[in-house]
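The values are calculated or read from the model by the stated rules, or taken from the named source; none is laboratory data. None of the values given here were measured: they were computed from a predicted structure. We place every Cβ from the backbone using ideal geometry, glycine too, and count neighbours over all the protein chains shown.
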Amino acid sequence: MLGSEGAGGPRRPTIVITGATSGVGLATARVLARQSVEVVIVGRPAGDPEGVSRSLREETHNPSVSWAVADLSRMEEVRRLATELLGRFPRLHGLLNNAGGIFFKRQETPEGIERTWALNVLSPFLLTNLLFPALRAAAPSRVVNVASEAHRMGRLRWNDLEGRARYSGWSAYNQSKLALILLTQELARRWDGTGVTVNAVHPGFVRSRFGHNNNGLSAGLLRFAERVFAIPPERAALAVAPLLTASEWEGVSGCYFVHGQVASPSRRAGDRAAAGRIFEALCRQVGLPAATPGQPFPLLGETSRIP
Ligand SMILES: NC(=O)c1ccc[n+]([C@@H]2O[C@H](COP(=O)([O-])OP(=O)(O)OC[C@H]3O[C@@H](n4cnc5c(N)ncnc54)[C@H](OP(=O)(O)O)[C@@H]3O)[C@@H](O)[C@H]2O)c1
């Protein structure tokens, strides 16, 4: 179990979970709260993160479940959230980048970014990098990115990453999860030696609210398949939570997990050049200075320098 020895004995590890008001995130928060982890659940106001954290405190008898609010599809909100969390938690032992979604109709956020790309890729990239100082301060610490087996059907459309010319909800989703796995590996390389590990996980096909924001035939088919084939979020959480806390995975970084075990991602997800290229592209997009290849990310912690 992650954690640290303080003057008063062992301290609870602190783990931030995005998208923890429903589905995989909520179920994982519950598992970790039962393990006496200090859990910080992040959600949008409509998901009532305050009420969810209150319920979790009562249910698990863990008084250290707290909450923060952010719409993670907006980079301005991600920056504000990072500043808030760094102020509240100078040391973080874990970050579960779980919030994500699929959008069958192309939408842009108020910042003009395609919503899938913003929520599933840019947001975890920016949040992870901004929280790195607190993660490094608590090392050994862990970042886990919730990806998907859907990445196997993903392709990076380098000239049209945000589907301006041609858009399909599934293509955008598959691409986003491919990008997330590539980023996971690139971060693992850059963070080598820092004590902060980063891995990606497929939670399974889960009966959650995933896709319920959509209408139409594709959305109907997804809900039908979910009723018939999907596993409950509690089962997914049992595969996700150990990646954040189990001693078995301490020091393991840059891996992709399926069913609780290390798995090989697709050939495209193993493309090292593509990982570096996507990293640089995201740095430019969110206004972080590009890093020197082979070096840890350069700016971490200096949020004031970031526009
Ligand atoms: N379900 C599956 O079969 C499956 C399979 C593979 C991977 N995944 C991945 O697993 C992750 C969790 O999905 P899930 O199945 O648990 O779906 P879910 O029940 O829809 O949960 C998604 C969570 O993300 C939050 N979220 C969505 N948009 C957000 C935003 N703009 N800002 C902040 N939070 C936001 C949601 O909060 P709100 O209450 O505010 O909407 C919710 O708490 C996703 O990354 C998904 O891609 C799911």
I'd like to know if region 208-229 contains one or more residues that are of a type in the set (A, V, I, L, M) and in contact with a Lys or Arg (Cβ under 8 Å, 6 or more places away or on another chain). no
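Scan 168, 123, 148, 141 and give me the residue that is surrounded by fewer than 24 Cβ atoms within 10 Å (Cβ to Cβ) and among the hydroxyl-bearing types (Ser, Thr, Tyr).
Among 168, 123, 148, 141, only 168 is surrounded by fewer than 24 Cβ atoms within 10 Å (Cβ to Cβ) and among the hydroxyl-bearing types (Ser, Thr, Tyr).
Given the options 3, 8, 87, name the one that is at pLDDT below 95, within 22 Å of residue 129 (Cα to Cα) and away from the ligand (no atom under 15 Å from the Cβ).
Result of the check over 3, 8, 87: 3.
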Out of 204, 193, 216, report the one residue that is surrounded by fewer than 24 Cβ atoms within 10 Å (Cβ to Cβ) and within 16 Å of the ligand (Cβ to nearest atom). 204
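Can you find, within region 58-68, the residue that is surrounded by the fewest Cβ atoms within 10 Å (Cβ to Cβ) among those that are in contact (Cβ under 8 Å) with a residue 24 or more places away in the chain and either within 23 Å of residue 138 (Cα to Cα) or in contact with a strand residue (DSSP E or B) (Cβ under 6 Å, 6 or more places away or on another chain) (or both)?
Initial filter on region 58-68 (in contact (Cβ under 8 Å) with a residue 24 or more places away in the chain): 59-60, 62, 64-68.
Going one step further and asking which of them are either within 23 Å of residue 138 (Cα to Cα) or in contact with a strand residue (DSSP E or B) (Cβ under 6 Å, 6 or more places away or on another chain) (or both), we end up with 62, 64-68.
Values: 62: 19, 64: 15, 65: 24, 66: 18, 67: 21, 68: 20.
The selected residue is 64.
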Residue among 99, 82 that is within 10 Å of the ligand (Cβ to nearest atom) and buried (at least 21 other Cβ atoms within 10 Å of the Cβ): 99
Identify the residue in region 256-270 that is surrounded by 15 or more Cβ atoms within 10 Å (Cβ to Cβ) and in contact (Cβ under 8 Å) with a residue 60 or more places away in the chain and, among all such residues, is nearest to residue 152 (Cα to Cα). 266
Hey, could you check region 105-145 for residues that are in contact with a Gly (Cβ under 8 Å, 6 or more places away or on another chain) and hydroxyl-bearing (Ser, Thr, Tyr) and say which is farthest from residue 12 (Cα to Cα)? 116
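Got a sec? Which of 74, 54 is surrounded by fewer than 23 Cβ atoms within 10 Å (Cβ to Cβ), without any contact (Cβ under 8 Å) to a residue 40 or more places away in the chain, of a type in the set (Lys, Arg) and on the phi < 0 side of the Ramachandran plot?
Going through 74, 54 in turn, just one is surrounded by fewer than 23 Cβ atoms within 10 Å (Cβ to Cβ), without any contact (Cβ under 8 Å) to a residue 40 or more places away in the chain, of a type in the set (Lys, Arg) and on the phi < 0 side of the Ramachandran plot: 54.
To keep it simple, each residue is scored yes or no on (1) more than 16 Å from residue 96 (Cα to Cα); (2) away from the ligand (no atom under 16 Å from the Cβ); (3) touching a Leu at 6+ places or on another chain (Cβ under 6 Å).
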| position | (1), (2), (3) |
| --- | --- |
| 20 | no, no, yes |
| 24 | no, no, no |
| 32 | no, no, no |
| 38 | no, yes, no |
| 47 | yes, no, no |
| 51 | yes, no, no |
| 62 | yes, yes, no |
Identify all residues within region 93-125 that are touching a residue at least 60 places away in the same chain (Cβ under 8 Å), touching a strand residue (DSSP E or B) at 6+ places or on another chain (Cβ under 7 Å) and closer than 23 Å to residue 168 by Cβ; write none if there are none. 99, 100, 106, 124
Going by the structure shown, is residue 128 within 10 Å of the ligand (Cβ to nearest atom) and either in contact (Cβ under 8 Å) with a residue 60 or more places away in the chain or crowded, with 24+ Cβ neighbours inside 10 Å (or both)? no
Of the residues that sit in region 102-118 and are within 9 Å of the ligand (Cβ to nearest atom) and touching a Lys or Arg at 6+ places or on another chain (Cβ under 9 Å), which one is nearest to residue 142 (Cα to Cα)? 118
